[in-house]
Amino acid sequence: MHTALDAEDARALAEFYRQLLGLQYRPGDEPPADGTPDDADWLVLVDADGHRQLAIQRTDVLPRSTWPSTEVPMQMHLDFAVPTAAALELHREHAVQLGAQVLWDRTQVESEPLYVLADPAGHPFCLLVGAP
C-alpha cells in the first residue's frame, strides 16, 4: 500500500518528501488553508494518479539514526534511483535545499554512484544512479 515513516513533526517531514518526490497530499490531508499550525498524526502522500506512495506518522520521540555508527541503527532506508550522474547531483542539491543532510558520498564509484542522506527527521535514504 505504502511505506510509513515516523516523525516528531509529521507535517514537516511530509512536506520534505512531497517536494522531494513531486507528490501531493491525499485529499483531506493538505495543510490548513489559513496557515495555522497543525499537529497532524497521520498524513498520506499520493502520486498524480492518487496512488499511495508514502505515509508519515507522528510520534512523540524519535531517536535519530547515527549511521554509519550502529549505536542507533538505520533499521530501514529508502532508495531513489535517478537516470544519470548529472541528475544525481541535481537531486542531491534539491534534497539538501529542502533540509536533508549528506551522510556519505560514494559518487566516485563509477559502477553505482550514490549519496546516503538523512531527511529532516533523521531517516537515512539513498539517491543513486540506476534503473528505476
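Any read-out appearing in this document is the output of simple, stated calculations on the displayed coordinates, not a laboratory observation. Small disclaimer: the values here were computed from a predicted structure and weren't measured. Heads up, the Cβs are rebuilt from the backbone with ideal geometry, glycines too, and the neighbour counts pull from every protein chain shown.
Descriptive notes on the structure:
- In the stretch 35-45 there is no residue matching the filter, namely being more than 16 Å from residue 14 (Cα to Cα) and in contact with a strand residue (DSSP E or B) (Cβ under 8 Å, 6 or more places away or on another chain).
- Checklist (1) of a type in the set (Gly, Ala, Ser); (2) in a loop (DSSP other than H, G, I, E, B); (3) closer than 24 Å to residue 129 by Cα applied to residue 81, failing item: (2)
- Criterion applied to 96, 72 was being more than 19 Å from residue 3 (Cβ to Cβ), of a type in the set (Val, Ile, Thr), touching a strand residue (DSSP E or B) at 6+ places or on another chain (Cβ under 8 Å) and surrounded by fewer than 16 Cβ atoms within 10 Å (Cβ to Cβ), and the one residue passing it is 96.
- Qualifying residue in the stretch 51-65 (condition: aliphatic (A, V, I, L, M), within 24 Å of residue 30 (Cα to Cα), in a loop (DSSP other than H, G, I, E, B) and free of Cβ contacts under 8 Å to residues at least 60 places away in the same chain): yes
- Sole exception among (1) under 13 Å from the mean Cα position of the chain (by Cα); (2) within 19 Å of residue 7 (Cβ to Cβ); (3) among the β-branched types (Val, Ile, Thr) for residue 102, by number: (2)
- Of all residues making up the stretch 92-132, the number that are out of contact with any Ser or Thr (no Cβ under 6 Å at 6 or more places or on another chain) and not in a loop (DSSP other than H, G, I, E, B): 21
- In the stretch 1-38, the residue that is nearest to residue 82 (Cα to Cα) out of those that are without any contact (Cβ under 8 Å) to a residue 24 or more places away in the chain and touching a helix residue (DSSP H, G or I) at 6+ places or on another chain (Cβ under 9 Å) is 25.
- Where residue 44 falls short, out of the listed (1) touching a helix residue (DSSP H, G or I) at 6+ places or on another chain (Cβ under 8 Å); (2) outside any loop (DSSP other than H, G, I, E, B): (1)
- Yes/no for residue 102 being touching a Lys or Arg at 6+ places or on another chain (Cβ under 8 Å), surrounded by fewer than 15 Cβ atoms within 10 Å (Cβ to Cβ) and over 15 Å from residue 21 (Cβ atoms): yes
- Some residue of the stretch 68-81 being farther than 24 Å from residue 116 by Cα and either free of Cβ contacts under 8 Å to residues at least 40 places away in the same chain or not aliphatic (A, V, I, L, M) (or both): no
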